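Read through the structure below, which is laid out as structure tokens, and then see the notes.
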Amino acid sequence: MQFGIFGSAQASTQDLGPETGQGFRDYLDYAVEAEALGYRSSFLVEHHFTGWNQVSATLMLQTALAMRTTKLRLGTAVIVLPWHNPVLLAEQAATIDLLSGGRLEFGVGKGYRHNEFASFCIPIEEADERFEEGLGLVLKSWTSNERFSHHGKYWNFENVIVEPPTAQKPHPPIWMAAGSPDSIRKVARRGSKLLLDQLASTQLAIERFNIYKAEVEACGRSFDAMDVGVCRAFYVAKNADDKLKAVEARLANQQRTSGLAAGPAGTAKSSMLSFDHTLDAAAESALYGTPDEISEKLDTLRAAGVARVLLNGPAGSVTNLRRFAHEVMPGFTAKASAAAE
């Protein structure tokens, strides 16, 4: 199995305000440590208007990380296309791909938080159409060697050629977040890679993994398990009480996120938020516990064919990162290391 880190970053810390930017610096230190410990990638979210200084300029932060790492794959999980000028986004993403030596993993999505669409004054009902038009323009920007014009429903460009080019050809890998069966099958048919959220139960994550696998094979392509990133929260607990406190904090954070995503009627349509709001469900979907307890859950995922796990831990906890790397990871990466040697 291959492990990466996944999650957010906040400008502030427990002790310092957002104007210091210390939380972003701590995230960079955390990701640099992850690379040294053998984690293979860092996927970073994009969010706006949360009120808790969550990362909004994802590519900028990942560019800073590119300057401090040499092997770590730099992912977005995800850039919400309906909010971005697709040509400017293509230019920015190509720049980080060049500066990093071709390490960008370009994750895109439609968005799901009602408050973000409302604050951008973009109807969430337009998300699908804006996503499709935006993605088409990003890909054309990366692959066209000649000037082109575009006059669509939401975007208009005249006689443009997008510079610079990407380092990876024909373009960086495209990842998409999806949860419903139809959405997962559509990702497979596009030839894109799949990101599965950290909130779904273990069994549901495996079911979604299998839907994608079956659709890839139905399209006549060979399935590669590395094309699916299964996101899981992780915490190597000191004892049972420590684990319980971590689960309680996780559930509280889930409920806070659900509140942001909900529309005026108090409901959210995203399949990502269709989880049980209970302590048992919060514990089951996460890799929380002793090294043995965590390994047991990873064994279940590995037996189902999952090969790529993206881990979201307590903000900036290098201790947790190290404990997982030293006490859990060797049992799942030793064969890969031996094969590489």
| Residue in region 26-52 that is least open to solvent (accessible area, probe 1.4 Å), counting only those that are at pLDDT below 95 and either farther than 21 Å from GLN198 by Cβ or basic (Lys, Arg) (or both) | GLY51
| strands (runs of 3 or more DSSP E) contained entirely in region 1-104, each with at least 3 residues that are more than 16 Å from the chain's Cα centre (by Cα) and of a type in the set (S, T, N, Q) | none
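Which of the residues belonging to region 105-125 are part of a strand (DSSP E or B) and of a type in the set (D, E, K, R)?
Result: GLU105, single match.
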| query | Pairs under 6 Å by beta carbon, first residue more than 19 Å from LEU72 (Cβ to Cβ) in region 44-62, partner of a type in the set (Ser, Thr, Tyr) and not in a loop (DSSP other than H, G, I, E, B), six or more apart or different chains? | reply | PHE49/SER119
| field | Test for PHE106: is it open to solvent by 60 Å² or more (accessible area, probe 1.4 Å) and within 20 Å of LEU59 (Cα to Cα) | value | no
| field | Top-ranked residue of region 223-246 - restricted to ones that are in a strand (DSSP E or B) and not hydrophobic (A, V, I, L, M, F, W, C), ranked as most open to solvent (accessible area, probe 1.4 Å) | value | TYR235
| said: Considering only region 128-139, I want to know if a residue exists there that is closer than 30 Å to ALA281 by Cα, under 20 Å from the mean Cα position of the chain (by Cα), small (Gly, Ala, Ser) and surrounded by 14 or more Cβ atoms within 10 Å (Cβ to Cβ). | reply: no
| query | Given SER144, SER183, which one is polar (S, T, N, Q) and closer than 26 Å to VAL216 by Cβ? | reply | SER183
| request: Out of the residues in region 281-295 that are of a type in the set (A, V, I, L, M, F, W, C) and without any contact (Cβ under 8 Å) to a residue 60 or more places away in the chain, state the one that is farthest from VAL247 (Cα to Cα). | output: LEU287
| remark: Expected single match for open to solvent by less than 50 Å² (accessible area, probe 1.4 Å) and part of a loop (DSSP other than H, G, I, E, B) among GLN254, GLN198 is GLN198
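The values are calculated or read from the model by the stated rules, or taken from the named source; none is laboratory data. Just so it is clear, the model here is predicted, and its values are computed rather than measured. Glycine also receives a Cβ, built like all others from the backbone with ideal geometry; neighbour counts cover every protein chain displayed. We work out accessible area using only protein heavy atoms, side chains counted, and drop any ligands, DNA or RNA first. Shrake-Rupley method; radii C 1.70, N 1.55, O 1.52, S 1.80 Å.
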